[in-house]
Every structure is written in structure tokens, then in C-alpha cells.
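Nothing in this text is a laboratory measurement; each read-out follows from the coordinates by a stated rule. These numbers come from a predicted model, not from an experiment. Cβ coordinates were reconstructed from backbone atoms using ideal geometry, including for glycine residues, and neighbour counts include every protein chain displayed.
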Amino acid sequence: MRANIGTAPGADGRDTVAFPSTGERGGAGRTRVVWRSRATLLVALLALTLVLAAVLAWEAHDAARSHRATAERALHDYATFAAWELLADAATTLQSEMTEAFAPVTGTRAVTVYDALPSPELLAAGAGGVLPCASPREQDDRWYFRIDFRDGAVTSAGARPLPAERERIARVIREQARTVYRPDWRWAGLIDGRGRDARLLVYAVRYAEHGAPVAAYGIATCPSALGAPLFGGVMARHALLPRTLTSGEPNDSLVSVTVIGAGGDTLYRSAARGLPLFTADATIETFGGLTARAALRPRAIERLALGAIPRSKLPLLLGLLGLTAGMMVVAILQLRREQELARLRSDFISSVSHELRTPLSQILLFAETLSLGRVRSEAERADATNVIVQESRRLMQLVENVLHFSRAERRMTSLTPREMPLAPCVRETVAAWRPLASGAGATVREELDDTVAARVDRGALRQMLLNLLDNAVKYGPPGQTVTVRLERAGDRARLSVTDEGPGIPPEARARVWEPFYRMDRDVRSATAGSGIGLFIVRELAELQNGSARIAEVPGGGTRVVIELALADADDEAPGTPAAPPPAPGGGARRAPSGGQVGHSPVETR
């Protein structure tokens with residue numbers, strides 16, 4: 001056994017046993033590497049989950065967009081169909097009338113181009129009731145014409161047009177007959193001019209036997225003849241949309257139509273208005289560029305699209321994607337927190353193992369000294385025995401500190417507070433601590449008010465004070481004076497421990513109460529510590545309806561203050577356990593069962 005143990009001079013001049021490294025640092029490092037690898041894998045899986053959610057969101061958005069585009073395209077086609085049906089039905093309505101009206105003058109072909117042509121009075125006699133105007137005055141302005149393509153002569157019947165109007169209409173008809181009119185047509189129409197000067201021209205071409213155009217016969221009337229009398233009748237009698245989808249509903253409830261002439265004048269407009277999004281135009285050549293514009297109404301959209309047009313799911317999908325990203329961020333933050341906690345636990349185990357070596361080394365050294373009979377006098381024997389007792393107590397206190405922390409995490413801490421003066425317990429604890437303070441070159445000064453009494457658990461008070469004394473001696477300079485003060489502060493009993501060390505920066509004063517936390521300067525130094533001492537101090541203080549805080553010290557140093565309710569300020573009966581207030585940071589709470597606080601541990605910040 002001696003081959004595995006080395007000796008080294010301790011801080012108090014005695015030889016201390018130095019155990020070889022047990023590899024806990026390397027084990028902690030390996031644990032961190034394994035945890036970091038697992039964390040990297042989990043983060044990668046979370047990132048892949050987010051990517052998958054984004055892909056699914058995009059696919060859902062693309063499907064909804066495609067569905068909407070298909071529905072809108074179908075509705076636009078239905079609007080086009082309605083516009084074309086309006087013009088086609090109007091042309092069909094006029095077909096028989098126009099064919100019958102022009103039959104006397106164009107129904108038969110001339111044998112030769114030199115045959116005599118029928119008079120326009122013949123057309124006027126048969127077409128007087130075709131395309132009537134809306135007003136008698138407009139009807140009186142109606143006239144009939146014949147344009148002889150052989151010599152260009154224009155003959156008219158009915159109202160007498162102005163010469164300029166006759167020449168303009170003759171020129172337009174000759175141009176239309178040469179470029180637009182087809183031999184298989186029975187008749188054609190167009191609107192010449194705009195506004196009040198506009199004229200509706202309906203004409204047919206007479207051909208010779210060999211197919212040469214001989215003359216054009218036509219009617220010059222008002223454009224209103226194509227308005228409500230014609231298109232209004234079509235709207236009332238003919239379905240513009242498939243009956244299988246509209247269930248026979250009237251056109252006015254499904255579609256709104258507007259008929260526009262080639263010059264841009266509106267000839268007819270239905271009363272109802274449709275949605276501009278689903279509007280389409282159709283043009284028919286036999287009317288010389290007459291355009292019908294149909295717009296679907298909401299009722300038609302419900303019928304034709306089998307319900308409402310699907311709305312864009314983009315806001316919902318973006319919201320869900322944002323929620324997924326937020327949950328991923330929360331998961332990563334929680335993962336980092338767990339990783340940090342695992343690192344702190346690993347450091348805690350390493351630090352506790354390191355702290356256990358010192359008392360174990362001292363106990364083993366002096367026990368071997370006594371066992372081998374190497375003491376030279378009874379005084380040395382008593383000194384060795386005292387060292388073994390002191391180090392055993394220190395070791396037991398350290399173990400009790402760890403056990404209390406374990407009970408606190410499982411919420412099994414239980415206290416038994418009672419009314420008692422605090423000064424005797426403080427003196428006893430300080431007296432037990434003085435040898436260890438002297439070994440570190442520190443002096444402990446007491447400033448105690450013997451009249452202060454409070455409801456506390458004696459073991460818990462001792463444990464809190466020992467933790468504060470250990471911190472003060474461990475982190476203070478050699479030769480310092482540690483001051484323990486007990487006083488009244490209003491209706492509270494105030495116990496404080498002040499050292500002359502470097503102090504705790506303001507930005508770290510909130511975190512030093514967290515378990516496992518140690519400041520960077522302490523981690524980098526050779527000072528041992530596990531980071532649960534102050535956590536236990538606050539935990540025990542709050543379980544006794546008290547509080548713990550860091551106070552300012554003029555000139556430097558650290559002062560930790562514990563405040564407890566005075567005995568005369570507490571209305572609870574003696575022996576009743578104190579109700580625990582909420583502990584910050586997820587600290588432990590008092591549970592109905594668990595171990596009593598016994599020997600107070602020696603712990604670090």
C-alpha cells in the first residue's frame with residue numbers, strides 16, 4: 001500500500017498523503033465528448049425535422065396553390081363559355097329572321113353579273129320588323145340600302161340619310177364585303193361610328209352564278225336594336241352555363257354580362273355585377289367585332305367550383321413552420337441546458353472526489369503512524385488522534401453536504417425548527433471551525449447579540465454557518481480576519497459572515513446561488529470546490545422562512561447575509577415545521593419525509 005501513496009507537506013506543516021490520479025478528469029472529459037456527440041446528433045435530427053417540416057409546408061402550399069389555380073382557370077373558362085353562349089344564342093335568335101328578311105334580295109344567285117338587281121324597297125317591305133329600335137324616333141331614322149359592286153351606285157329606301165353618311169356606309173360595307181364577309185354566310189353585321197352618330201349595319205351579299213359578288217343589301221338602324229330587346233331576351237330564355245351544374249338557376253343570379261361594340265360603346269349591361277377576378281370576353285365575327293364580357297357572381301362560383309375557392313394556406317403554413325422553428329430553438333436551448341448541467345455534474349463529481357482525497361490522506365497518514373508506533377510521545381499520539389478526529393468530521397460533513405444536496409433534488413429535505421437563542425449555536429460552530437481556520441492562517445472574530453432568538457433547525461443553522469465559514473477561509477487571503485456577526489434587523493435575525501477576499505462581482509451574485517456554478521476565476525485556480533455550498537445555504541434559509549443574499553462590503557471582500565424571522569415575530573407554535581417558500585431556480589422544497597439535517601457539511605461556492 002505504501003508504494004501507491006506519496007507524501008507532501010501540507011498547508012499546516014504536516015505531511016499529507018498524495019494519491020495518484022484516479023482518472024476522474026479523463027473520465028469527465030470522455031463523458032463530455034460522448035455527450036457532445038449525442039447533442040450534435042440530436043441537433044442534426046432537429047434540423048432535419050425542421051427541413052422536413054419546411055418541405056411538407058412547401059408541398060402543401062404548392063398543392064393548395066395548384067388547386068386554387070386549377071379552380072380559377074376552370075371558372076375563367078366558364079366565364080368565357082358564358083360570354084360566347086350569349087353571342088351565339090343572340091346570333092341564333094337572329095339567324096332565321098335575317099335569313100328570311102334577306103331572302104327576297106340575296107336568296108337566289110344572279111345568272112350573270114349583268115342581270116337586273118332587286119330594289120331596296122323589296123328589302124324594306126320584308127325586314128321592317130327585324131331589329132326594332134327602342135324608341136319611335138330612332139325607328140323613323142331607319143333606312144335600307146343597296147350597293148352595286150359593278151358601278152358603285154348606292155340606292156336607298158326608307159329614311160333619307162345625309163349624303164356623307166351614305167358615302168361612308170357604302171365605303172365601309174364594300175370594305176367589309178371584300179375582307180370579312182364569307183360566301184357561306186347568310187348575313188353579317190357591324191356598328192359604324194361611336195356615340196350618337198353610331199349606326200348598326202346589317203347586310204348580306206348577293207352573288208352571281210359563278211361566285212362573283214354583285215351587290216350588298218343592308219339595313220342601317222340604331223345600335224339599341226342589339227341591346228335589351230335582343231340580349232335581354234337571350235338572358236331570360238337561354239342558359240349561359242351548363243344546367244347540370246347550375247341546377248336551372250336564372251342567369252342573373254349566376255353571371256353578369258356586358259355587350260360592347262367595336263368602337264367601345266356599351267350596348268347592353270345586365271343589372272347584376274360579377275367578380276372582376278373571373279371575367280372573360282368573347283367576340284363574334286358576324287357582328288363585326290361585337291364583344292360580350294361575362295363575369296361570374298359568387299353564386300356561380302359556389303356552383304361551378306363545388307364550394308368556395310380555396311383560400312391560400314400560406315399564412316397558416318408559415319405560422320406552423322415558425323412554430324416548428326420556435327419549438328426547435330426551445331429544444332436546442334433545453335439541450336444546451338441539459339448539456340451544461342451534465343458538464344456541471346461531471347465537474348461536481350470530479351471536484352468532490354478531489355476534495356475527498358485531502359481528509360482521507362490525512363486520516364490514512366496519521367492512522368498508519370499510530371499503527372506502526374512511530375509516535376515519540378503521548379503528546380504526538382494525542383495530536384495524531386485529534387487530526388484523525390478533525391479530518392473524519394470534515395469528511396463526514398462533506399458527505400452530509402452531498403447527501404443533503406441529493407435529498408434537496410429529490411425534494412425530501414425535512415427540518416424541525418424550534419425557538420432557540422442563536423448565539424450559543426453560532427459560538428459552538430465557530431469553535432469547532434477554528435482549528436481549520438488556524439491551519440489556513442485565518443482568524444475568526446465573533447460579534448454576537450446574545451438576545452437574538454429565532455425559530456430554526458439547529459443542524460441546518462450549523463450547516464449554513466459552516467458552509468459560509470469554509471467559503472470565507474477558502475477564498476480569502478492568508479492572514480485575513482473572518483467576521484461572524486449576529487444582530488437584530490427590524491423583525492429579522494441577521495447572521496452574516498464577512499471575509500477579506502476578492503469579493504463577488506455584481507454580475508455573478510445571482511448565479512452563485514445556482515447548483516454547480518463556480519466563477520471562472522475559481523475554476524481556473526487551484527482552489528477546490530463543487531459549487532453547491534451557497535445553493536444549500538439559500539435552500540436551508542428558505543425552508544426556515546428566511547433568505548440569503550450577497551451584501552456590499554466597503555473596501556472589498558464578500559459578505560453573505562442570512563436573515564431569519566425572530567422568535568417573537570413568528571406566531572407558529574414551537575415544534576411546527578416551517579412552511580417552505582418558493583425557491584428560485586427550481587430549488588428543492590420541503591417534503592413530508594426524508595432525512596433530518598445532521599452534521600453540517602463543509603462546502604464551497
**Item:** Length gained when the stretch Q339-L356 is fully extended (0.36 nm per residue, less Cα-Cα span)
**Value:** 3.6 nm
**Request:** Could I have the simple spin-label model distance between T283 and A134, label points 7 Å from Cα toward Cβ, reported in nm to one decimal?
**Result:** 2.5 nm
**Message:** Could you order the peptides 63-69, 212-218, 465-471, 554-560 from most to least packed, using the average number of other C-beta atoms within 10 Å per residue?
**Reply:** 465-471, 212-218, 554-560, 63-69
**Net charge of Cβ neighbours under 10 Å - reference A280; Lys, Arg +1; Asp, Glu -1** = -1
**Prompt:** By how many nm would the segment from A103 to R196 grow when fully extended, if each residue of separation counts as 0.36 nm and the alpha-carbon distance is taken off?
**Reply:** 30.4 nm
**Calculated log₁₀ intensity ratio I(q)/I(0) where the Debye formula runs over C-alpha points of region 84-131, q = 0.22, 0.30 Å⁻¹** = -0.80, -1.07
**Complete:** With label points set 7 Å from each Cα along the Cα-to-Cβ direction at E552 and S414, the distance between them in nm comes to 4.4 nm
